[in-house]
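Read-outs: derived from the displayed coordinates by stated rules, not from any lab. Note that this is a predicted model, so its numbers are computed, not measured. Note: ideal-geometry Cβ built from the backbone for every residue, glycine included; neighbour counts use all protein chains shown.
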Amino acid sequence: MQISPKAKLNIILLVAYLSSAVLSFAFWPSSGSLVSPNATTSSGEPTIDPGEPRTEQCALNGAMHTKTEKAIWETRRPMTVMIENHEDARPQSGLSKADIVYETIAEGGITRFMAVFYCDAAFGNHTLGPVRSARTYFLDWASEYSKYPIYVHVGGANTPGKANALGQIEDYGWAGENDFNQFGLSIKECRRDSDRLGRSVATEHTMYCFTKSLWALADKRGWTAIDEDGDSWEDTFTPWKFTDKDPDTGESATSITFDFWDDFSQYTVGWQYSSDTNVYKRINGGKSHIDNNTDNQLSATTVMIQFVTETGPIDDLKHMLYGTTGTGKAIVFTNGQAEDLTWTKKTRLSRTVFEDAKGKEYQFQPGKIWIEAVPKGSTINY
């Protein structure tokens, strides 16, 4: 039986329509909001047996976790993710699951986060975002988590010169080795969700990624704990030192506030110490900083203020530079106390080392760590 050209065309269009409908149903519910493809519970996040002992220490921040979690994370390498802090991006998703978070200016007085996920995000699937673009100085901090840490971003600064983050990613050999630029990923790993916050925001504030899919793709590409040459990511990683002993040499510091730039109160940072939980709770632009995944306020066991050299804007796009190598001053806040330190980072691949007034390496309290890289001369109120 012969089929006319017109009939053939109708069949092709029908197949295309049905395929599109199936894909739309699989990824988008009737309400139009995105659904994580790997959600395993009604809340979208599986749980650890609360009775399982926490006997395993995380190499990144010293926090204790279960053997179930370690069995997962020890097959991977750390994943660093660029998450924005524009007012329209708040509340962000996933920062509470980061082991370490870095914050400094992107440009125009607007800060940006680089969150490091490894231990606490090992179990389950976690939505992260909004994910934004790469900056050169964040690449330097990411490089502390092995020569080839997984780096997740949406494009990046690419103007010729010192702010060319995408050029540096190429120069470092990250392309094809550890770089997850969203433009090269599928909607399974990262996609836009304009309905996440229940309000209309610009498109650039709507990109979200999913930990389970990202790590699955990394595994598929061989970006695991052990590379194709048999080398572990930990071979080029220098962990900080940790202690369970409470510090007793610092001055009282139960309330912290500071600005990255003057006259940008929407990015004023506050940390309020809770003696009940022995953590600092974060305030972002005068409001409690909430994780949209959990509706809980973000907190940290340690808040490290790192004073860095600020240069810029250096081009027409107002890109900034922040000094990550060399040496400088720092203030550490933990257990409701403050202590003056110095920091040193010899090269891009070197670990930033913090030392006390006697030149002894600082020992962190186990738990979440936030590194606040502020311009030299900034006033820290406490």
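General remarks:
- Two-site FRET efficiency, Ile314 against Asp356, from Cβ-Cβ distance with R₀ of 41 Å, rounded to 0.05: 0.75
- With 27 Å as the limit on Cα-Cα distance, the pairs of Lys147/Lys287; Lys241/Lys281; Lys346/Lys368 that go past it are Lys147/Lys287.
- With a cut-off of 11 Å on the backbone N, no residue of the range 129-163 is near the modelled label site 7 Å out from Thr327 along Cα-Cβ.
- Folded to 0 to 90 degrees: helix 211-221 orientation relative to the chain principal axis, Cα: 80
- The angle between the Cα long axis of helix 5-27 and the main principal axis of the chain comes to about 30°, on a 0 to 90 degree scale.
- Proxy reagent accessibility, fewest Cβ within 10 Å first, across Arg351, Arg132: Arg351, Arg132
- Ordering Asp179, Asp195 from the fewest to the most neighbouring beta carbons within 10 Å gives Asp195, Asp179.
- For the pair Lys162 and Thr75 in one chain, pulling the backbone fully straight at 0.36 nm per residue adds 27.8 nm over the alpha carbon distance.
- Both the radius of gyration and Dmax for the chain are 22.1, 91 Å, in that order, over alpha-carbon atoms.
- Potential lengthening of the chain between Asp295 and Ser265 amounts to 8.5 nm, from the contour at 0.36 nm per residue minus the alpha-carbon distance.
- Additional length obtainable on full extension of the chain from Lys287 to Thr236, 0.36 nm per residue less Cα span: 14.5 nm
- Global form of the range 241-381, assessed from the alpha-carbon gyration tensor, a/c cut-off 1.5: oblate
- Residues of type lysines that Lys376 reaches as a straight line, Cα spacing below 17 Å, ignoring anything fewer than 8 places off in the same chain: Lys329, Lys345
- Sorted by Cβ neighbour density within 10 Å, fewest at the top, the residues Ser143, Ser274, Ser213: Ser274, Ser213, Ser143
- Global form of the range 54-236, assessed from the alpha-carbon gyration tensor, a/c cut-off 1.5: oblate
- Check: the chain dipole with +1 on Lys, Arg Cβ and -1 on Asp, Glu Cβ, in debye: 1000
- Helix-only CD estimate at 222 nm, as mean residue ellipticity for the chain, using -39500 (n - 2.57) per DSSP H run (n ≥ 4): -4500 deg cm²/dmol
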